[in-house]
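Participant: Attaching a single structure in structure tokens format; questions to follow.
The values are calculated or read from the model by the stated rules, or taken from the named source; none is laboratory data. Please read these numbers as outputs of a predicted model, since none were measured by experiment. Cβ placement follows ideal geometry from the backbone for every residue including glycine, while neighbour counts extend to all protein chains displayed. Each accessible area value is taken on the protein alone, full model and side chains, heavy atoms only, with ligands, DNA and RNA left out. Shrake-Rupley method; radii C 1.70, N 1.55, O 1.52, S 1.80 Å.
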Amino acid sequence: MASCFLPAVLSVLLSACAGDASDGDRSYRTPELESVPVVESSLTVPFQQYELSFAERQRMQVGHARLLERCMSERGFSVAVAGDFVLGHQRDGVMDPAMWGGPFGTMPLEHARRYGYKPEKDGPFVKGPGFYLSNPGHLFLETGKITEDQLAPAERAYYGADGDSGCVDRVEEQIGVSLVDFIDLRSDVSQLAREHPRVESAMRAWVECMAQSGYRYSQVWEASQRYGTAPVSQVQVETAVADVRCTRQSHWADYFYAAVADYQRQAIERTPDLLEGALESEKARLLAIEAELARAR
């Protein structure tokens, strides 16, 4: 696996397989989930009102990547920068980290039949499987097309070394607006939702359903995780179709997103200033990045 993709893989593992939530999170009220709606790929959750749209986040991160690439070019390196909202060049060949872009557990059956877990051409995507949490602040230097003798100096130019600032710090100074990050809060409430008894029971039903179809997984994210960096294949399509059918049969996603919405509403009541500040920081950062790009022309 290419070294440039390790940050994304680690992020998947941290968000999808996190341990128990902190003691402070235990003070949340446990939602009652006696009757829940059937979810579809168009669903929204309360935290989304404190985030820019996917298209706006993509504009922000693509612009940030272009500024980093320009800085690296000035230092003599022709590189590509990718991130959670930037596909980059990794879809070439055997590496394809892009996954279907809707909420995990709501993928339509027709999509699974055509694309497996992968996105439709030019369609929305995420950069990890399962409960991956996309982060507008996550960018990284793609190293796949850098020669071995250029790798170390390129990374020094990008990240900085020996007291010299790299392009990461230089571009951040040019932008001048930091993101207010609440990904830890998103992860905490997602973990609490997964631990809800009705959600856990439904997830066990998914495991049993998949086993009856010949697939041995212990967690609902493991099927998609298996294909997290693999291009689409017939085996992947068959797995994704079984996954979608067992998700519908078990209703784990219905219970999970009902719990997520409840916990997120509780979090909004507790920390409105943090969330409002996060949205304002995204708006200001997008404007600052586009202004910096315009100055560079």
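Participant: When the residues of segment 103-132 are narrowed to those that are of a type in the set (A, V, I, L, M) and crowded, with 20+ Cβ neighbours inside 10 Å, which ends up nearest to the chain's Cα centre (by Cα)?
Facilitator: The extreme case among them is Val126.
Participant: Now a separate question. Any idea which of (1) open to solvent by 30 Å² or more (accessible area, probe 1.4 Å); (2) in contact (Cβ under 8 Å) with a residue 60 or more places away in the chain is the one Gln61 doesn't satisfy?
Facilitator: Result: Gln61 passes all but (1).
Participant: Going by the conditions given, is Glu32 more than 25 Å from Ser134 (Cα to Cα) and open to solvent by 50 Å² or more (accessible area, probe 1.4 Å)?
Facilitator: yes
Participant: Among the candidates Leu151, Leu141, which residue alone is within 30 Å of Ser78 (Cβ to Cβ), at pLDDT below 95 and open to solvent by less than 30 Å² (accessible area, probe 1.4 Å)?
Facilitator: Leu141
Participant: Residue by residue through segment 227-243, note down the ones that are in contact (Cβ under 8 Å) with a residue 40 or more places away in the chain and surrounded by fewer than 20 Cβ atoms within 10 Å (Cβ to Cβ).
Facilitator: Ala230, Pro231, Val232, Ser233, Val237, Val241
Participant: Still on this structure, please answer the following. If I filter segment 154-170 down to residues being within 27 Å of the chain's Cα centre (by Cα) and open to solvent by 40 Å² or more (accessible area, probe 1.4 Å), which single residue comes out as nearest to Arg59 (Cα to Cα)?
Facilitator: Among those residues, the one meeting the criterion is Val168.
Participant: Listed residues Ala202, Ala193; which is within 29 Å of Tyr115 (Cβ to Cβ), within 25 Å of the chain's Cα centre (by Cα) and free of Cβ contacts under 8 Å to residues at least 60 places away in the same chain?
Facilitator: Values: Ala193 fails: free of Cβ contacts under 8 Å to residues at least 60 places away in the same chain.
Going through Ala202, Ala193 in turn, the sole match is Ala202.
Participant: Right, something else. Among the residues of segment 64-82 satisfying the criterion of being open to solvent by less than 30 Å² (accessible area, probe 1.4 Å) and part of a helix (DSSP H, G or I), which is nearest to Ala152 (Cα to Cα)?
Facilitator: Top of the filtered list is Met72.
Participant: Could you go through segment 141-152 and let me know if any residue there is of a type outside the set (Gly, Ala, Ser) and either within 15 Å of the chain's Cα centre (by Cα) or under 28 Å from Glu56 (Cβ atoms) (or both).
Facilitator: Yes: segment 141-152 contains one or more residues that are of a type outside the set (Gly, Ala, Ser) and either within 15 Å of the chain's Cα centre (by Cα) or under 28 Å from Glu56 (Cβ atoms) (or both).
Conditions (1) among the aromatic types (Phe, Trp, Tyr); (2) open to solvent by 20 Å² or more (accessible area, probe 1.4 Å); (3) closer than 29 Å to Val207 by Cα, marked per residue:
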residue: Asp254; (1), (2), (3): no, no, yes
residue: Gly277; (1), (2), (3): no, yes, no
residue: Leu286; (1), (2), (3): no, no, no
residue: Ala294; (1), (2), (3): no, yes, no
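Participant: Search segment 35-57 for residues being in a helix (DSSP H, G or I) and not basic (Lys, Arg), and hand back the single one that is surrounded by the fewest Cβ atoms within 10 Å (Cβ to Cβ).
Facilitator: Ala55
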